[in-house]
1. Can you tell me which condition residue 136 does not meet? The list is (1) over 28 Å from residue 19 (Cα atoms); (2) touching a helix residue (DSSP H, G or I) at 6+ places or on another chain (Cβ under 8 Å); (3) crowded, with 20+ Cβ neighbours inside 10 Å, and all the others hold.
2. Picking from 267, 278, which residue would you name as being under 20 Å from the mean Cα position of the chain (by Cα) and at pLDDT 85 or above?
3. For region 22-53, what are the residues that are within 20 Å of the chain's Cα centre (by Cα), free of Cβ contacts under 8 Å to residues at least 60 places away in the same chain and not in a loop (DSSP other than H, G, I, E, B)?
4. What are the residues in region 287-328 that are within 22 Å of the chain's Cα centre (by Cα), modelled with pLDDT under 55 and not in a helix (DSSP H, G or I), if any?
5. Go through region 50-89 and report how many residues are closer than 16 Å to residue 16 by Cα and either modelled with pLDDT under 95 or touching a helix residue (DSSP H, G or I) at 6+ places or on another chain (Cβ under 8 Å) (or both).
6. Looking at the structure I just gave you, is residue 114 in a strand (DSSP E or B) and modelled with pLDDT of 95 or more?
7. Out of (1) crowded, with 22+ Cβ neighbours inside 10 Å; (2) touching a helix residue (DSSP H, G or I) at 6+ places or on another chain (Cβ under 7 Å), what's the single condition that is false for residue 210?
8. Report, by residue number, each residue of region 162-177 that is outside any strand (DSSP E or B) and touching a residue at least 40 places away in the same chain (Cβ under 8 Å).
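The values are calculated or read from the model by the stated rules, or taken from the named source; none is laboratory data. The structure displayed is predicted, hence computed values, not measured ones. Backbone-built Cβ (ideal geometry, glycine too); neighbour counts: all protein chains shown.
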């Protein structure tokens, strides 16, 4: 039975990856320090003999007994609220954490896939974004702690590939959505749905003309799975090229939820990208992959999941206590 370590396992994407690899017949080792992850996402796997969970911060050390065939490094704060509250930890998990996991992969002779991001393109001057575009990132801006950490992750990963001959894969992930997203994580989709469910007006930061391209989580997981098992070491965009403005997206959410709230506007955050759309030519050619789930279908599934949450979660403000992590 192949054995895979998935970091960030209790998070949105990590938990879906655990499900997929369990379904594919893998022994799955999930690892998370739970600073932003939630064990509720993994409750259905606990007790399964082919799943083991480790509460561990990969920025400090990583040790796993026995053989490892694959590693997927998905540990990282991934929303503006997170990485603005815990900037140093955001930098550390994609730098020190990546270094630790690359060393583990080398020791175990395992193939490793790292979760990079469309944020490495910054506020892009090339549209749509292709893998050979170097990006337009402000390294000292508020978003730089996330953007530059992921850029370093890619550089370190390629260094291990070229110097040590390690089998590596790099996924540049674009906006992904679906069940298990945190309602108050600051990303636009859960923010809009949460406001609609609470009867609040929908808040757009900026004039609404900025664009995003949303990929349903099942499609993303399929792309990750295919990339891991491919023989391509260079970065590959994994996302949905169906682009929409934030203003149009707000109207879709209002229609979906059947609410009558109005849209209000606030100033656009510093370095918030105006455009985001992946060029997925490489993914199509190398992985025979493209997204299949239409946004209307994916939004319906996601909305139904948010509707099922207990009322206390719907009205609870972001409750993570970052005090201990700020001292590290």
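1. (3)
2. Checking each option against the conditions leaves just 278.
3. 22, 28, 29, 30, 31, 32, 39, 40, 42, 53
4. Residues satisfying the conditions are 318, 319, 320, 321, 322.
5. Residues meeting the conditions: 10.
6. yes
7. With respect to (1) crowded, with 22+ Cβ neighbours inside 10 Å; (2) touching a helix residue (DSSP H, G or I) at 6+ places or on another chain (Cβ under 7 Å), residue 210 is out only on (1).
8. 164, 166, 167, 174, 175
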